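To keep things clear, I will list the structure first and then write my remarks on it.
The values are calculated or read from the model by the stated rules, or taken from the named source; none is laboratory data. Quantities reported herein were computed from a predicted structural model and do not represent experimental measurements. Every residue, glycine as well, gets a Cβ built from its backbone with ideal geometry; the counts of neighbours run over all protein chains shown.
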Amino acid sequence: MTDADPPRSITVLSGGVGGARFLQGLLRLVGDEAEVTVVANTADDIWLHGLKVCPDLDTVMYTLGGGIDAVRGWGRTDESWHAKEELAAYGVEPSWFGLGDRDLATHLVRTQMLEAGYPLSAVTTALCERWRPGVRLLPMTDDRVETHIVVDDADEPSGRRAVHFQEYWVRLHAEVPAHAVVPVGLEASTPGPGVLEAITRADVVLLPPSNPVVSVGTILGVPGVREAVRTTRAPVVGLSPVVAGSHVRGMAAQLLAAIGVEVGAAAVAGHYGARSRGGVVDGWLVDTSDAGEVAQVTDAGIACRSVPLMMTDVDATAAMARAALDLAAQVRR
């Protein structure tokens, strides 16, 4: 693959906010010249007030479809919160997770279709008919998978309890120690329709700067997905979510520590591992502030470059995507 032979098919394993913003830059770069397929994390999904909420799927769909609140990075633009206020007035819990009025419509449609027997993949396709995100958006699985985080709890005999990831992130703000990450149902899940094909038939597979534990990590944990990434004919390139020793957004630092991985650009590359040595990546981009870690990544069998990795605007993000595709071309050669 060279500039004269650009990728026609790109598959991205994506979480929510970071993945969606990276996809904006990728689409700015490739336009209509490549088909982009997004395999999205669904282990952040949660049932609330009888409704199925899929934060990462919706963040990608809204961001690329022009409906995201760009300031928050999640939820709908021009949102109102009357339903949330009324639920609070009734004393209905959980009160810490708010569903906006516009966002509520998406969850109502999704839940009605699921209860009618449609799988999540088909529901997602139907929702995308409205938003036209410019990518093929695939849930990692149609099965129910939910990430739980083990935290301290003095009221429990063990001194700890497991809370849903959304409670850890939204209610607790990831400010309490995370002792373990437990993706409930992951081992029994199966890849969603089209997921394995999207990986094995791609020209390039990209791991954006999404959370390596609870976003990309859970996608890779769906039985069959990691093996598909290991054996695809496509080069696999990742972008570090850690810059200058910390995550840019989210809680990657806390959760990397919970699974015993150092919080560093090279350490995350090592966590994914070189495909030549049984891992999942061929190439890795680190930020210019982490240029001193390039040799460590290279020594681990992974081609590595340092480039600016701050997604300050769409053009800067498109430049990141360009660097990722250039590294993929280098790896393939």
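A quick yes/no check of all residues on (1) in a loop (DSSP other than H, G, I, E, B); (2) among the hydrophobic types (A, V, I, L, M, F, W, C); (3) in the same structural domain as VAL236 (by TED's automatic domain parsing):
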| position | (1), (2), (3) |
| --- | --- |
| LEU13 | no, yes, yes |
| GLY25 | no, no, yes |
| ARG28 | no, no, yes |
| GLU33 | yes, no, yes |
| VAL60 | no, yes, no |
| THR63 | no, no, no |
| GLU79 | yes, no, no |
| LYS84 | no, no, no |
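Out of the residues in the stretch 279-303 that are in a loop (DSSP other than H, G, I, E, B) and in contact (Cβ under 8 Å) with a residue 40 or more places away in the chain, state the one that is nearest to VAL229 (Cα to Cα).
Filtering first and then ranking leaves VAL280.
Inside the stretch 203-229, residues that are buried (at least 24 other Cβ atoms within 10 Å of the Cβ) and of a type in the set (Gly, Ala, Ser) make up a count of 3.
When GLY273, GLY278, GLY224 are checked against the criterion of being out of contact with any helix residue (DSSP H, G or I) (no Cβ under 9 Å at 6 or more places or on another chain) and on the phi > 0 side of the Ramachandran plot, a single residue qualifies: GLY273.
For the stretch 304-312, the condition holds for at least one residue, the condition being that it is free of Cβ contacts under 8 Å to residues at least 60 places away in the same chain, outside the structural domain of THR63 (by TED's automatic domain parsing), surrounded by fewer than 17 Cβ atoms within 10 Å (Cβ to Cβ) and of a type in the set (Ser, Thr, Tyr).
Taken over the stretch 86-113, the criterion of being in a loop (DSSP other than H, G, I, E, B) and of a type in the set (D, E, K, R) is satisfied by GLU93 alone. Looking at this structure, is ARG322 touching an Asp or Glu at 6+ places or on another chain (Cβ under 7 Å) and over 30 Å from PRO177 (Cα atoms)? In short, no.
Kindly indicate which of ALA188, ALA180 is of a type outside the set (Ser, Thr, Tyr) and out of contact with any helix residue (DSSP H, G or I) (no Cβ under 9 Å at 6 or more places or on another chain). Before the answer, list the steps.
Details: ALA180 fails: out of contact with any helix residue (DSSP H, G or I) (no Cβ under 9 Å at 6 or more places or on another chain).
Unique residue meeting the criteria: ALA188.
The set of residues in the stretch 123-138 that are assigned to a helix (DSSP H, G or I) and in contact (Cβ under 8 Å) with a residue 24 or more places away in the chain comprises THR124, LEU127, CYS128, ARG130, TRP131. Within the stretch 250-278, the set of residues being within 17 Å of the chain's Cα centre (by Cα) and free of Cβ contacts under 8 Å to residues at least 12 places away in the same chain comprises just one member, ALA253.
Name the one entry in LEU99, LEU127, LEU114, LEU172 that is outside the structural domain of GLY66 (by TED's automatic domain parsing), more than 17 Å from the chain's Cα centre (by Cα) and closer than 22 Å to ALA43 by Cβ. Please lay out each step first, then the result.
Details: LEU99 fails: outside the structural domain of GLY66 (by TED's automatic domain parsing); LEU127 fails: outside the structural domain of GLY66 (by TED's automatic domain parsing); LEU114 fails: outside the structural domain of GLY66 (by TED's automatic domain parsing).
Result of the check over LEU99, LEU127, LEU114, LEU172: LEU172.
Filtering VAL297, VAL280, VAL307, VAL314 for residues that are touching a Ser or Thr at 6+ places or on another chain (Cβ under 8 Å) and not aromatic (Phe, Trp, Tyr) leaves a single hit, VAL307.
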